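Here is the structure we will look at.
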Amino acid sequence: MAVAREGILLSAGELHITRAFLALPEPAAALYARLHGRKGHVFRLDGLTYDEVPDIAIAATALVDAGFAWRGERLLPPRALATALTVAELKAVCRQLGARTSGRRDELLARVDRPDAAPLLRRPLLLLRHDALFLRVARLFLGRAHADLSRLVVERLELVRWPTYTPTGGPGLFSRRSHLRAWEDGLAVDAALWAMSDADQGSGLLARLPDDLRRVERDPLPPPWRARLSARRLASARCQQAARILERQGATEQAIAVYERLLAAGLSRPGNVLQRLAIARGVAGRPGDGARLCQQHVSVRADPSGAVLPAEERIALERTGRRLARQAGLGWAPSPPLRPPAERSIDLPLASTSGARPTWERPGGPMLLEPAVVDLLAELGRTALHAEGGLWRTLFGLLFAEVLFLPVPGMLPTPLRTGPLDLGRPGFVARRQDAIDAVLEGVRRGEGPARLAQAWTEREGQAIAGVDWSWPGRHRLERVLDDLGGPGAAAILACIADDWRDAPRGLPDLVVLSGPAARLPDSFPSRLSSDALLVELKGPGDQLRDAQRVWLDRLVRSGLRAELWRVRARS
């Protein structure tokens, strides 16, 4: 499938090798596939047993004759031959050589690393060839950096059901071979860096910085749906990490130069770089420059390339700009304030603060904050779901399942995908505007529960992006849509459609379903109405994040009941 779809990205030699592989006898191909999925490149043949390879020796010979493997025992030096042996076998070889047999494995390996040991070390070994090519083919087949073919295995074991769709035509994963090669090289650089210690990693990032900056400036900004598979994105991320290292080392002007070059080259999500640049200018003694940069981008709400800044990034930029403006003695033109939610304070007995998060006393034992409040509400006859982003991504994935797998050219290029390439990227909605509008209009009219039930019946168990099938049954999800009402649910889902990747971050912790009115003990105000509401919980010292403030504003403006509950410790 990879050759048929992306064959233009392979050289003539690579195409010849892949076609030769397809012509192998099935047992030989199965043996290669088994060994390719294991760690290492050298494999002992004695002791191997696979149901689909009746005769290991015959299959290995077929691989060697077809050029897919070498006989390792004929090529490898003694040290490499020895690594294939067990400790017991190494001791036996040492005994035959008259060497000591005690010590660690690495000491035994050193003792047999001599030419006269080679005949004693030889075992039937297979040294695979072309495994880098098959890694490339697997990446093209799956459309992802981590070419983990266990996605096929778990489906055959019936542990996962992949969505049913026909891969679409249109543009492929890469427009040319050089882009594929550059992306693979970038992945190799990242892998080498992350294998280093923290100190060496920092030095490596700084050493690579000039080359990475040139890559960002030379390569055009890729289409959003291709960005994940781009060497430019990898280089840009490394540049930003290197600039932060320069800031920490006190090389502020150098960091400023990096941030300015990145912004001039164009970024799909410039908000963080804009904020770091403004802060660095303040540290360098130019807070007025930093404040003016923030004001410019908060006002236009987009960077020069037209990429709109998400609301939470605008808030962070405004906060930084206001602080820098005070330092510089400048005025600041504020944006319209976010609408705050209603607040409620609740006193709960604190159990412990010794862990990563404090726990709260409940009759069933200490609990984290969210389960403790859910348990408190259950005592009052109210059902609350610990929701955050997971609930809403599940609702979105089910209600928009047919939209996700529409045959949009190029967006479902490979099988075993949980959603299209452009999900969570600019252009997702525009390519499916009519279909998305139809779903949202149906939800507004109150058809959400029925649509969800139909999707559940047709696709139960399928691996759909964002869908968590462990939620306690579809009836709870239908109840959420019913209780919040069509217009309110549609408003939330429309935001997720616009920015699936980031929008669910910041949604309130709890969805409290409708039920009997009650009075919350040790709270102010204490009256809890019978209506459904969305609740953001904050414990002692915990403050609202920007994304949470944005969502609470959206919910209030949409007419939904949303509250901020501040939980205080009661001794």
Distance in nm between label sites at Ala80 and Asp522, each 7 Å beyond Cα in the beta-carbon direction?
-> 6.9
Label point distance in nm, Ala99-Met196, each placed 7 Å from Cα along Cα→Cβ = 3.4
Under the classification rounded if a/c is under 1.5, otherwise prolate if a/b is larger than b/c and oblate if not, where does region 177-328 fall, given a ≥ b ≥ c as square roots of the Cα gyration tensor eigenvalues?
-> oblate
Compactness index (Cα Rg / 2.2 N^0.38 Å), region 441-557 = 1.18
When Ser345, Ser197 are arranged by how many other beta-carbons sit within 10 Å of their Cβ, fewest first, they go Ser197, Ser345
Theoretical FRET efficiency, 1/(1+(r/R0)^6), r = Cβ-Cβ of Ala450 and Asp113, R0 45 Å, to 0.05 = 0.05
Each residue of region 394-411 in turn: what ³J(HN,Hα) in whole Hz from Karplus with 6.51, -1.76, 1.60 and θ = phi - 60°, glycine and Pro shown as x?
-> 5, 4, 5, x, 6, 5, 10, 4, 5, 5, 4, 10, 5, x, 6, x, x, 8
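Thr164 to Ser203: extension gain in nm, 0.36 nm per residue of separation minus the Cα-Cα distance? It would help to have the intermediate numbers written out before the result.
Numbers: separation 39, 0.36 × 39 = 14.04 nm, distance 4.66 nm.
Additional length available on full extension: 9.4 nm.
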What is the spin-label model distance, in nm, from Ser178 to Ala569 if the labels are put 7 Å beyond Cα along the C-beta direction?
-> 6.1
Cβ-based charge dipole, the chain, positive-most Cα from Pro358, Trp183, Cys495 = Trp183
With a cut-off of 19 Å, note down the residues of region 266-285 whose backbone N falls inside the zone around a label point 7 Å from the Cα of Glu253 toward its beta carbon.
-> 277-285
Whole-Å distance, taken between Cα centres, linking region 174-244 and region 428-459 | 38
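Extension gain Arg122-Leu406, at 0.36 nm per residue separation less the Cα-Cα distance, in nm? Let's see the in-between values first.
Details: separation 284, 0.36 × 284 = 102.24 nm, distance 5.63 nm.
Taking 0.36 nm per residue and subtracting the Cα distance, the gain is 96.6 nm.
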Scalar couplings 3J(HN,Hα) for region 381-389 by Karplus 6.51 cos²θ - 1.76 cosθ + 1.60 (θ = phi - 60°), nearest whole Hz, x for Gly and Pro, are x, 10, 9, 10, 10, 6, 9, 6, x
So what J values fall out for region 168-180 if you push phi through Karplus, 6.51 cos²θ - 1.76 cosθ + 1.60 with θ = phi - 60°, rounded to Hz, Gly and Pro as x?
-> 8, x, x, x, x, 5, 9, 7, 7, 4, 4, 5, 4
To the nearest 0.05, how large is the calculated FRET efficiency for Ser335 and Ala435 if R₀ is 30 Å and r is the Cβ-Cβ distance?
-> 0.35
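When N counts the residues of the chain, how does its alpha-carbon radius of gyration compare numerically with 2.2 N^0.38 Å, as a ratio?
Numbers: Rg = 29.6 Å, N = 571, 2.2 N^0.38 = 24.5 Å.
Cα-based Rg divided by the globular estimate yields 1.21.
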Anisotropy class of region 2-156 from Cα gyration tensor, a/c 1.5 cut | prolate
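Would region 26-68 count as rounded, prolate or oblate if I go by the C-alpha gyration tensor, calling it rounded below 1.5 in a/c and otherwise prolate when a/b exceeds b/c, oblate otherwise? If you can, show how the numbers build up before the last one.
On the way: a/c = 1.37, a/b = 1.08, b/c = 1.26.
Rounded is the answer for region 26-68, as its axis ratio a/c remains below 1.5.
List the trypsin sites (Lys or Arg not before Pro) within region 503-571 that DSSP assigns to loop and that have no more than 10 neighbouring Cβ atoms inside 10 Å.
On the way: sites: Arg505, Arg519, Arg527, Lys538, Arg545, Arg549, Arg554, Arg557, Arg561, Arg566, Arg568, Arg570; in loops: Arg505, Arg545, Arg561.
For trypsin sites (Lys or Arg not before Pro) across region 503-571 that sit outside H, G, I, E and B with at most 10 neighbouring Cβ atoms in 10 Å, the list is empty.
To the nearest 0.05, how large is the calculated FRET efficiency for Arg269 and Asp106 if R₀ is 35 Å and r is the Cβ-Cβ distance?
Numbers: r = 47 Å, r/R0 = 1.34.
Working from the Cβ atoms, E equals 0.15.
How do Tyr50, Tyr259 line up, fewest other C-beta atoms within 10 Å first? Don't skip to the answer; put the middle values down first.
Numbers: Tyr50 14, Tyr259 26.
Listed from fewest to most nearby Cβ atoms, that is Tyr50, Tyr259.
State the extension gain, in nm to one decimal, for the chain segment bounded by Val87 and Ala237, taking 0.36 nm per residue of separation less the distance between their alpha-carbons. Each step should come with its number before you reach the end.
Working: separation 150, 0.36 × 150 = 54.00 nm, distance 4.37 nm.
Working it through step by step, the gained length comes to 49.6 nm.
Every number here is computed from the coordinates shown, using simple stated rules; none is lab data. Not measured: the values here are computed from a predicted model. For neighbour counting, all protein chains shown are included, and Cβ atoms are generated from backbone atoms with ideal geometry for every residue, glycine included.
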